[in-house]
Structure formats: C-alpha cells, structure tokens
Amino acid sequence: MNLKSFMKEEEKKMTNALMQQVDSLKELAHAQFNTAFSNAQQVMSFTEISNIRRIYIAGLGDSYAAALGLVKLFKKYSDTYGVDVITPMHFTRFAKNNNFDKGEPNSTLMITISNGGESSRIVETVTKAKEMKLLTMAITNNPNSRSAKLSDKVLLMELEKVPYATVGLRSYLTMLYNLFSFILHFGRVRGTISSYQEEELKNAAMQLFDEYVEKFDEFKDIAKKIANEIEDDEIIDFIGDDTSYASAYFASAKFVECLGSLISIDDSENWCHINAYLKSDRAIPTFIFSNKYSTSYSREVDTAMQAVLMNRRVIVVGDVNQEDFSEKATIIALPECEKYSWIHNFYEYIPLSMIVAYLQEKKNTKDFCTEKHLKNATTKSSKIEIVL
C-alpha cells in the first residue's frame, strides 16, 4: 500500500463528529432537498400566500445565518412590501407594536427558524407575533416544541437525529433547503417564478452539491494542511460579503463551538477600517469568502492583498481566478458556478467545517456546546414577558 492509500485508509478511521456530519451530507442532501420541497407545497394555502404583504424572519445562531443567507432571494421573488431578517431580542424586547405596519390580520408573516424549537427568545417571538395578529410559521425539526405548537403553520424539516450531530451542520443545510423551498413555492404562487425557473434553480442547487462532493477529497487534503498551519492560533478572522456573510458567520461559529477560538467577522470594506487592526504575536488566519461573479469581487481581491501585506495568513474560499490573488494566499477552490453563483451559499462553509474537524482531532477538544457550562445559559429559560 502506498502512502496516499494508507492516508486515505486512516481517514476512514476518523471518528470526529463534525467530519462524520460532513461525510453524511453525501447521503443526506438529495433526500432532504426533496422532502423540503414536498413539505413546502403543503404548509400554506394559495389564498394565505396571496394575502401576505410583509415578511419577517427570525432566528438565532445557525438559524440566523440561514435567514441572512436567503433573505436577498426572498426579497427578489416575494412580491411583497419587504422581507427582513430581525433578531428575536430586538423584536421581543425593543420593538413596539406601532413599529410594524401590520395591515389586515395575517397579512404580515413572521417566520421563525429553530432546529429544536425551544429557545426562549424564539418562543417569545412567536408569542408576541401572535399577540400582534401576525401570521406565524415555524421552520423546525421538532413538531412537539413550544414554538411549533404556538405557530399557525409548521414547515417540518424531518431531519433524522444522529448521535454525531452535536454542533449544527446537517441541520444548517436542512434549514437552508427548507427556507429555499418555501421561497420558491411562495414565488410560484405570487407569479414571480415560472415552473421552468423553479426547476432550473432546483437543478442548479443539487448539481452544484454533486460537484462539491466530487471535490471532498481535495477539500480534505487542503483542510488538513491548513489545520496543521493554524493549530496554535486562537484568533481567527472572517470576511464575507452579501450572502457569503452568512457562510462566514456559520463557519466562525464552528470554530467557537468546537475549539473555543476568538473570532471576528466583517465585510471586505469594513474589515479594512476595523478588523485590520487586530493584533497577535502570530500571523492571524484570515478566511475570505470570495466569488469572481460577485459585484464586490474587486474589493475582495484588494482586501486579500492588504491582508497579505499585513502578514496575515490569508485563506481565500471561493470560485475565483487564482491569479488575482497573491502567491502567499492559500486558495480553497470551489466548483465553477456562474449563472446562480449565490448557490455557493448552500455549501461554501463545508471546507471550513473540515478544517475545524481536523483541528479538533489535533487538539483533542470536545464540542463545547455539549459541555456542562451550557447548563448555565438561558437558551431554554428566562422569563417571557410580552410588552406591546
């Protein structure tokens, strides 16, 4: 057996929970995609969708990232007066009744996203939305959760629970698929998407996933290399523009949840104003999500160059022209996708999840979200008080 074959055999023995989740996506994605589209057809009637004039989406952690990642698409196809992501803390504790132009009952839709459906602020969001006579819809994997039972509508994720799914990854992709399916169904009812366009978007999403899977071994090779290089770094910086900010947000969360890293996130412009001043005795790993079809691509290239000149350890993640970046930058090359380049948002965090998995193996750390200190948090407690 040659060295490369030996390494691949050793790879198979890896029991890291996050890497198990990554590998499970190969079997999970197509099934969850089909389930999401099947359920989205049933969750809300033609008349109910036709009556909606305003939409808000609320989520926490990974759910918040999923909302950020697809809100732009929802705005494009909703044919409403607006679609906005709102934080549960702002909505429940600071927003007043008269801050929301509700119109007729059920004409404003509040979508909450929560895998478990039991976070107190999510429950409080649904409770307050119903007090305001908004139509409520929960995207959740727990039909028996408080948020599901309180909501008028439930888009059930139907994600199989597996013992290695401690931090979110399978659930994040499933959230994205469910919100995506609802957006396309909503657009079909409102007449903003034709049946041909819907099929084209669905096919593009799954074709790109299959192309990612073909590169999994390549991703793992470079992820292991990067993990070896940044093993001793505790400060990790992330840059993401537009919908890729959601991917940066999600990826950074895995570094915190699994490694306890100190992270920072910004877009490619504001980074130069603020995050460029982060200091460390070591070259700070700086992950930049970039795409050559993005309208901010030139700024991403320039920001990456400035980071290299500052002696940052620059890692560019994206469908890019490698020659546009410094030879000192590491490129994680994603599959080519021109027409619907935003679909990378569904998958571009996967190589970074692999990096976290290898770092966990090297550092022998557990997922901190399963540690005892979480018992002191208030995700499932805290008094809920509705103030209109």
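The values are calculated or read from the model by the stated rules, or taken from the named source; none is laboratory data. Since we're looking at a predicted model, the values are computed, not measured. Don't worry about glycine lacking a Cβ; one is built from the backbone with ideal geometry, like all the others, and counts go over all protein chains shown. Note: areas computed on protein heavy atoms with side chains; ligands, DNA, RNA excluded. Shrake-Rupley method; radii C 1.70, N 1.55, O 1.52, S 1.80 Å.
Hey, residue 193 hits all of (1) more than 22 Å from residue 116 (Cα to Cα); (2) in a helix (DSSP H, G or I); (3) in contact with a Gly (Cβ under 6 Å, 6 or more places away or on another chain); (4) not hydroxyl-bearing (Ser, Thr, Tyr) but one; which does it fall short on?
(2) is the only condition that residue 193 fails.
Kindly evaluate residue 84 against the criterion of being in contact with a strand residue (DSSP E or B) (Cβ under 6 Å, 6 or more places away or on another chain) and open to solvent by 40 Å² or more (accessible area, probe 1.4 Å).
The answer is yes for residue 84.
Would you be able to say whether some residue in the stretch 308-318 is closer than 30 Å to residue 197 by Cβ and touching a residue at least 24 places away in the same chain (Cβ under 8 Å)?
yes
Is it fair to say residue 163 is outside any strand (DSSP E or B), surrounded by fewer than 18 Cβ atoms within 10 Å (Cβ to Cβ) and in contact with a strand residue (DSSP E or B) (Cβ under 6 Å, 6 or more places away or on another chain)?
no
Can you tell me which residue among 208, 173 is under 17 Å from residue 66 (Cα atoms) and touching a residue at least 24 places away in the same chain (Cβ under 8 Å)?
None of the others qualify; the one that does is 173.
Would you please list the contacts, defined by Cβ atoms under 7 Å and residues six or more apart or on different chains, that run from a residue in the stretch 278-295 that is within 17 Å of residue 351 (Cβ to Cβ) to a residue that is charged (D, E, K, R) and open to solvent by 40 Å² or more (accessible area, probe 1.4 Å)?
Sorted first by the residue in the stretch 278-295, then by its partner, the pairs are 285/313; 286/313.
Give the number of residues within the stretch 343-375 that are surrounded by fewer than 24 Cβ atoms within 10 Å (Cβ to Cβ), modelled with pLDDT of 95 or more and of a type in the set (Phe, Trp, Tyr).
Total satisfying the criteria: 2.
Restricting to the stretch 84-107, give me the number of residues that are modelled with pLDDT under 95 and either in a strand (DSSP E or B) or under 16 Å from residue 49 (Cα atoms) (or both).
Residues flagged as modelled with pLDDT under 95 and either in a strand (DSSP E or B) or under 16 Å from residue 49 (Cα atoms) (or both) within the stretch 84-107 amount to 6.
If I filter the stretch 313-325 for residues that are open to solvent by 50 Å² or more (accessible area, probe 1.4 Å), within 27 Å of residue 62 (Cβ to Cβ) and modelled with pLDDT of 95 or more, do I get at least one hit?
Among the residues of the stretch 313-325, at least one is open to solvent by 50 Å² or more (accessible area, probe 1.4 Å), within 27 Å of residue 62 (Cβ to Cβ) and modelled with pLDDT of 95 or more, which makes the answer yes.
Could you list, in sequence order, all residues of the stretch 265-304 that are open to solvent by less than 30 Å² (accessible area, probe 1.4 Å) and part of a strand (DSSP E or B)?
Across the stretch 265-304, the qualifying residues are 266, 285, 286, 287, 288, 289, 290, 291.
Table: residues versus (1) surrounded by 15 or more Cβ atoms within 10 Å (Cβ to Cβ); (2) without any contact (Cβ under 8 Å) to a residue 60 or more places away in the chain.
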position: 181; (1), (2): yes, no
position: 184; (1), (2): yes, no
position: 199; (1), (2): no, yes
position: 215; (1), (2): yes, no
position: 223; (1), (2): yes, no
position: 228; (1), (2): no, no
position: 237; (1), (2): yes, no
